[in-house]
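Beneath this line is the structure, given in structure tokens, with notes to follow.
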Amino acid sequence: RHNFILAWTTTSATENMGNSASLSSLPYTIEDEIEPSTRQGSLGWSIHNGKRKSDGIPVCVFKASKPKLIQTPLTQYFSGNTFPVTVGKDRVDPNCQLFPALHHFAKSKTLVHPYLLKVYATLDTDAPAAPSSGNLQASSYETTGTAGDLIVVTEQVITLRKWLEQPHPHRLERLAWGLVCLVKALDFLSTTAKMSHACVSLDSIFVTPAGDFKLGNYALLISIGKSDSGSTINPDDQQYFRKYEAYVCPSAYRSPERANSEYDFIFNSLNSHAIDSFSLGVFIEDLYEGSVPEKLVKAVARLKSQSATQRPRLSPLLKCPVLDIPHCKSMEFLDEIAVKPAEEKISFYQSVPDQLARGFISQDAAKYKLLPSMMLSLKSITTNPQAVSQDITRREVLAIIPPLFSICDMLDDTSFQSQISPFIVTLFQLNDRGIRAALLNRLPSLTDRLDKQAINSCVFEPMCTGFTDSSAALREMTLKSTLPLISKLNSVNIEKLGRYLIRLQSDSEDSIRTNTVIFISKIAPSLSENTRAKLILPAFTRAMNDPFHPCRLAALKSILLCKDYFEPRIIASQVLPCVVPHLMDATSQVRKEAFAVLDQFTVMLRTESDRMETGAEVEEGKESAESTTSIAPGSTSTSYISGLTSWMTSHAKAPSSGSIDQAKSIQSNQLPYAGSTQSAVEPFVESQSAALNFDQNNVGSSINEADGWLDDENILGEEEVSDEFFDGLDDGRMAARTSTSLEEATNKNQFSSLSLKESDVNDFFSSSMVGTKKIGGLGNPAIVNRPMPSYSNTLSITNKKKQSLAERKAEFSQRKAAREKTSKQPTTIGVKKLTDDVLDHDWDDF
């Protein structure tokens, strides 16, 4: 069925490493040993892992040490007569394993078939050294020596015995496919090559990662019967077969004519398939461990027929219902897919997802057989720009993409990066809408496995062309597929994406504008603070004015979703003014959502307002505490409160002789400078020192005659004083009377009850300060640097009977007359001058 060329040369043109070649010349590395040379049926060959040096493709390396082969008898593993092994300088005993190993080494390079073990390279590390004498076959010995190693590099496989020990899904289907592989290999040898393997057994079969059974171990491979040219079998091969077949092939797999040593009948009259048919029948029984499927029982019986002439050829066995199943058909199609017509390949690719789901194609076959064939097809198409323009190749690419991404889920990260990532980047370079749409549909599932650098440099840039495509479906698909990529985009691409999103908000398609708003709300957590501030609020504001009501609704929902990214002041000044108009939106859903937004934001703002109030109270309490413990130099507010306190204290506690002392103080320039920090403190200090001359019991008797705020009365002049003003003063006096100390009065905020008009208070105290500044000692360090007395020394004030308004006015008139009388005396020139200065000047002059 397969027209394969059989090379009957002893060395391959591409694989001939030459005798005496060093191990370093082998283009493969030899790694750890996975099967020892002492295993059953090994014939002295150990199996190692290996890799091709050029691209790292894994391989298997069969290695045999010739010195060990010479010293190991063939009867070690198989039953038969045991012969001693003798090794001398000029003689190698034929009972050792060396000669079957040499036969296998020579034949392995001559055969090529899909189900024969594929050999990449062979190497004999020993130089030929023919003996001068001895009973050694010249045909085998002349091409090798007795030292060094024999190395055969093959495709990656494991032994069948090891494969049978492992669990496999759909095991019967995979065994059936393995049997198909073996039947085809043996049929090729008997029909096309006119050869017989003569060593079929469990130890001669190997399994690839894809699940294919491969026939190996060519230790007894010979030609049977006459060739097409009429020539007979090589006499040396006949002699070799007679000597070694009983020791190389397990006795259970030897046909009756071999067991009876009927070698002349085998070589001259027997068909080439006869001895292998018998071995295959035994192999099937061992493969199914004695439970042969019912429909194979009769076929196995015929294969094991005692009469060699009645054993059937092997190719009809492929029609058995056990072997003619969908799994075997799919695997066979994969083996021949390279030569299949394009229409058949497209149809098969389209059916792959369903076959994977139903088990017709195993995961191993998909990874190691289907995937390489698809990669090869894509590579041939993408490297030829003209091929993509052809409809048939474009359809093939579209058919490959879905199963390609389905297989990606089965790969580990290393395999994905090495095999899939480069092709995804290449496919994005193709300028075809259908291919781009197929990629976008599958891209979200692969985002986590794609390299970040590849996404930013090779995938995102061509992908952005979909945002401006004339096809609305492709624009929307591009938008949805970009969402999983956000976490891997760099700042430059994020900025570029923002520009595309702004453009999409003006798209003619309502659904695209709506999805753009939803997209922005979902990517907000992944954006930087600066990008978020520039993008989300303008986008939501723009969307709330969209005529499409689902877009407005999406904007309102997005605002709620992103509420944590808006500061309270932004909410109050920018967000709510855009939301409030939608409370009267024409669409009920929009109105309800607007109210929901308003309710939540109102709660947020109220909470922030309460927090601000609490913070203000705490700050005010800190300032109050500081003002009651010390007066910071240069603090105007503290001086103002202290001045108010000093004025009320001096009014309540000054002795009757206060007017004379005050005049003397003015004449002696002892008043503080109005602009200094101690200007409001000095009256309080003087009042305190004066009050210390009296005991507490005598204070009350002198209060009626107190005139500590006489200067303030001078400033009032002849103007009418309102009742409100005196009420305010009474309130201040009551605060002083009812407090046991000035500290207690301050802590209880008694001064907050003063009802003076702001203008009256300012005029009152500024006038006093003007007079003080005019007459007082300007810049006197002794006065400016006076310390603030502690409140523990503050004089207690006794209660005083509250005066009526008439009484207060009468008292005021009396004091005014006394002042006028005093001003006429020469000793009071300083006081009269102060009064004139105050009446003639205002604060601006100073």
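Taken as a whole, the condition of being modelled with pLDDT under 90, hydrophobic (A, V, I, L, M, F, W, C) and buried (at least 18 other Cβ atoms within 10 Å of the Cβ) does not apply to Phe348.
The residue pairs whose first member lies in region 318-344 and is in contact (Cβ under 8 Å) with a residue 60 or more places away in the chain, whose second member is part of a helix (DSSP H, G or I) and surrounded by fewer than 17 Cβ atoms within 10 Å (Cβ to Cβ), and whose beta carbons are closer than 8 Å, counting only pairs six or more residues apart or on different chains, are Val322/Lys295. Considered as a group, the residues in region 601-615 that are open to solvent by 90 Å² or more (accessible area, probe 1.4 Å) and more than 39 Å from the chain's Cα centre (by Cα) include one that is modelled with the lowest pLDDT, and that residue is Glu613. Looking across region 351-371, the residues that are crowded, with 17+ Cβ neighbours inside 10 Å and within 23 Å of Pro293 (Cβ to Cβ) come down to Gln355, Phe360, Ile361, Ser362, Asp364, Ala365. The residue list Pro326, Pro321, Pro341 contains one member that is more than 37 Å from the chain's Cα centre (by Cα), loosely packed, with under 15 Cβ neighbours inside 10 Å and within 24 Å of Thr393 (Cβ to Cβ), which is Pro341. Taken over region 92-109, the residue count meeting the criterion of being within 19 Å of Ala198 (Cα to Cα), assigned to a loop (DSSP other than H, G, I, E, B) and out of contact with any Phe, Trp or Tyr (no Cβ under 6 Å at 6 or more places or on another chain) is 2.
To keep it simple, each residue is scored yes or no on (1) of a type outside the set (A, V, I, L, M); (2) surrounded by fewer than 22 Cβ atoms within 10 Å (Cβ to Cβ); (3) over 21 Å from Leu527 (Cβ atoms).
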| residue | (1), (2), (3) |
| --- | --- |
| Pro547 | yes, yes, yes |
| Leu553 | no, no, yes |
| Leu556 | no, no, no |
| Cys562 | yes, yes, no |
| Leu583 | no, yes, yes |
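Matching residues to (1) open to solvent by 10 Å² or more (accessible area, probe 1.4 Å); (2) of a type outside the set (Gly, Ala, Ser); (3) over 21 Å from Pro402 (Cα atoms); (4) in contact with a Leu (Cβ under 8 Å, 6 or more places away or on another chain):
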site	(1), (2), (3), (4)
Ser418	yes, no, no, no
Thr426	yes, yes, no, yes
Gln429	yes, yes, no, no
Arg436	yes, yes, no, yes
Gln453	yes, yes, yes, no
Ser470	yes, no, yes, no
Ser481	no, no, no, yes
Glu495	yes, yes, yes, no
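So is Arg542 closer than 21 Å to Lys557 by Cα and buried (at least 17 other Cβ atoms within 10 Å of the Cβ) or not? For Arg542, the condition - closer than 21 Å to Lys557 by Cα and buried (at least 17 other Cβ atoms within 10 Å of the Cβ) - is met. Restricting attention to region 483-493, the residues that are surrounded by 18 or more Cβ atoms within 10 Å (Cβ to Cβ) and not in a helix (DSSP H, G or I) add up to 1.
Asp286 passes every criterion in (1) over 54 Å from the mean Cα position of the chain (by Cα); (2) in contact (Cβ under 8 Å) with a residue 40 or more places away in the chain; (3) over 19 Å from Pro114 (Cβ atoms); (4) open to solvent by 10 Å² or more (accessible area, probe 1.4 Å) apart from (1).
The number of residues in region 247-265 that are under 60 Å from the mean Cα position of the chain (by Cα) and surrounded by 15 or more Cβ atoms within 10 Å (Cβ to Cβ) comes to 4. Filtering region 216-236 to residues that are surrounded by 17 or more Cβ atoms within 10 Å (Cβ to Cβ) and at pLDDT below 90 leaves Ile222, Ser223, Ile224, Gly225, Ile233. Just one of the listed residues (Leu371, Leu398, Leu376) is touching a residue at least 12 places away in the same chain (Cβ under 8 Å), out of contact with any helix residue (DSSP H, G or I) (no Cβ under 7 Å at 6 or more places or on another chain) and not charged (D, E, K, R), namely Leu376. Filtering region 194-215 to residues that are more than 25 Å from Gln40 (Cα to Cα) and either open to solvent by 10 Å² or more (accessible area, probe 1.4 Å) or touching a His at 6+ places or on another chain (Cβ under 9 Å) (or both) leaves only Lys194. Scoring Ala357 on the criteria (1) out of contact with any helix residue (DSSP H, G or I) (no Cβ under 8 Å at 6 or more places or on another chain); (2) touching a residue at least 40 places away in the same chain (Cβ under 8 Å); (3) of a type in the set (A, V, I, L, M, F, W, C) leaves a single failure, condition (2). Among the residues making up region 403-416, those that are open to solvent by 40 Å² or more (accessible area, probe 1.4 Å) and not hydrophobic (A, V, I, L, M, F, W, C) are Asp409, Asp412, Asp413, Thr414.
The values are calculated or read from the model by the stated rules, or taken from the named source; none is laboratory data. Treat the numbers as computed from the prediction; the structure is a model and nothing was measured. Neighbour counts are summed over all protein chains in view; Cβ atoms, including those assigned to glycine, are modelled from backbone coordinates with ideal geometry. The area values use the complete protein model at the heavy-atom level, side chains included, leaving out ligands, DNA and RNA. Shrake-Rupley method; radii C 1.70, N 1.55, O 1.52, S 1.80 Å.
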